[in-house]
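Read the structure below first, then the notes.
Bear in mind these aren't lab numbers, they're just calculated from the coordinates by the rules spelled out. Owing to the predicted nature of the structure, the values given are computational and were not obtained by experimental measurement. Every residue, glycine among them, receives a Cβ derived from its backbone with ideal geometry; neighbour counts consider all protein chains shown.
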Amino acid sequence: MYSLVLVLHSWARWAALALGIVTTLVAMTDRSGVRVDRVGLLFLVFADIQLLLGLMLYLVLSPFTATALHDFGAAMRTPALRFWAVEHAATMMIAVILVHVGRVLGRSAATPASKRRRQMVCFGLATVLMIVATPWPGMANGRPLLRV
């Protein structure tokens, strides 16, 4: 089960990142606000799927977080465990929250310009956080680009 969820989490990352970039660009250019609503909803859906898969890994399946949660003090002194137990999880959680905030702020905006600006900021920040917290190959905690 761990391997399956890990593969799904790895592959869904690409959809979430691509939708984050597209949604941010659409928020910059969409004068009517109709396209950003559609693409923003897809971004929200894939961010939530990523969150659910990540929480399943974090709370139930991952041997890394099981080790970290067993002795959290020791995990904070071990960079690899700290990355998975705190840095990756917290940053991605903040990114998903920003996607939700962007959708809500966009829907409550008084003008299309303020809607675009609010969504562009929230979706852009969420995308940057997702890129920063992704364990890219070559990094200390790097993982393969595509798992099979």
Can you tell which of LEU81, PRO135, VAL60 lies farthest toward the positive end of the dipole of the chain, using +1 and -1 charges on the Cβ of basic and acidic side chains (Lys, Arg; Asp, Glu)? PRO135
How many nm is it between the label spots at ALA109 and VAL7, if each spot is 7 Å from the Cα in line with the beta carbon? 4.0
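Among TRP14, TRP84, what is the fewest-to-most ranking by other Cβ atoms within 10 Å?
Working: TRP14 12, TRP84 21.
The fewest-first ordering by Cβ neighbours comes to TRP14, TRP84.
Taking 8 Å as the Cα distance limit and 6 or more residues as the minimum spacing, I'd like the relative contact order of the chain as a percentage.
Working: 172 pairs, mean separation 43.9, N = 148.
For the chain, the relative contact order is 30 percent.
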If each residue of separation counts as 0.36 nm, what is the full-extension length gain between ALA90 and VAL34 once their alpha-carbon separation is subtracted? 17.0 nm
At 0.36 nm per residue, and after removing the present C-alpha to C-alpha distance, how many nm does the segment from LEU55 to ILE97 gain when stretched out fully? 13.7 nm
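Nothing charged except the Cβ atoms of Lys and Arg (+1) and of Asp and Glu (-1): what's the magnitude of the dipole of the range 15-148 about its Cα centre? Round to the nearest 20 debye.
Values: 13 positive and 5 negative charges, 99 e Å.
Dipole size: approximately 480 debye.
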Which label in [x] 0.98; [y] 0.94; [z] 1.04 gives the computed Rg/Rh (Cα atoms, Kirkwood Rh): [z]
